[in-house]
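Below is one structure, written out as structure tokens; the observations come after it.
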Amino acid sequence: MKDECVFCRIATRESDASIVFEDEKTMAFMDIRPVSEGHVLVIPKEHYQDIFDIDEDLIGQVHKNAKKIAEGVKTAVNADGISIVQQNGRAAGQVIFHLHVHIIPRSEGQGRFHFRDTTNADRKNLDKIASRIKENI
Ligand SMILES: [Zn+2]
């Protein structure tokens, strides 16, 4: 646990998040700056910076759960496709240095997305979408 890490604070529930899934070692919650409706992040609860820092079993569990959650997201928001993105290092576009996997619903004809174009979402809306996703996991 790193005090200054926003994802550690979510994992320990010191900070609020719209949580969609949790097991002993991983957690999934709505991205506060969604690229599209239903954008979820999956993290290991313990602090690992990136793919180079985490052990194979745990990254395996993170991605295993990402599959399960992606299926729930796809159904909940009726997505045509899902992008799975996981960035490692500043050069790769990583901004929060606690490993996370993005699950991003996509629609036909939507074109490319840029994380920098996002704005903070309304918590009530995120909670609503989170409960729809939970029902489908
Ligand atoms: Zn952390």
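The values are calculated or read from the model by the stated rules, or taken from the named source; none is laboratory data. Everything quoted here is computed from the prediction, not taken from an experiment. Quick reminder, even Gly has a Cβ in these numbers, built from the backbone with ideal geometry, and neighbours come from all protein chains shown.
Data overview
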| item | result |
| --- | --- |
| Test: residue in the stretch 103-110 that is in contact with a Phe, Trp or Tyr (Cβ under 9 Å, 6 or more places away or on another chain), within 23 Å of Lys2 (Cα to Cα), in contact (Cβ under 8 Å) with a residue 40 or more places away in the chain and surrounded by 15 or more Cβ atoms within 10 Å (Cβ to Cβ) | no |
| Filtered residue count, the stretch 75-87, keeping only those that are under 14 Å from the mean Cα position of the chain (by Cα) and within 10 Å of Arg106 (Cβ to Cβ) | 2 |
| Any hit, the stretch 34-43, residues being part of a loop (DSSP other than H, G, I, E, B) and within 13 Å of the ligand (Cβ to nearest atom) | no |
| Cβ-Cβ under 8 Å pairs, at least 6 apart or on other chains, the stretch 45-69 side free of Cβ contacts under 8 Å to residues at least 60 places away in the same chain, far side of a type in the set (Phe, Trp, Tyr) and assigned to a loop (DSSP other than H, G, I, E, B) | Gln49/Phe97; Asp50/Phe97; Ile54/Tyr48; Leu58/Tyr48 |
| Residue match in the stretch 24-32 (condition: assigned to a helix (DSSP H, G or I) and surrounded by fewer than 13 Cβ atoms within 10 Å (Cβ to Cβ)) | no |
| Candidates Phe97, Phe21, Phe29, Phe7, filtered to the one that is at pLDDT 95 or above, among the aromatic types (Phe, Trp, Tyr) and away from the ligand (no atom under 16 Å from the Cβ) | Phe21 |
| Filtered residues of the stretch 44-92 (kept if over 22 Å from Phe113 (Cβ atoms), away from the ligand (no atom under 16 Å from the Cβ) and not charged (D, E, K, R)) | Gly60, Gln61, Asn65 |
| Tally of residues being buried (at least 18 other Cβ atoms within 10 Å of the Cβ) and farther than 22 Å from Arg13 by Cβ across the stretch 60-72 | 1 |
| Tabulated pairs, the stretch 13-25, first within 13 Å of Leu41 (Cβ to Cβ), second among the small types (Gly, Ala, Ser), C-beta under 6 angstrom, 6+ apart or interchain | Ser18/Ala130; Val20/Ala28; Val20/Ala130; Phe21/Ala28 |
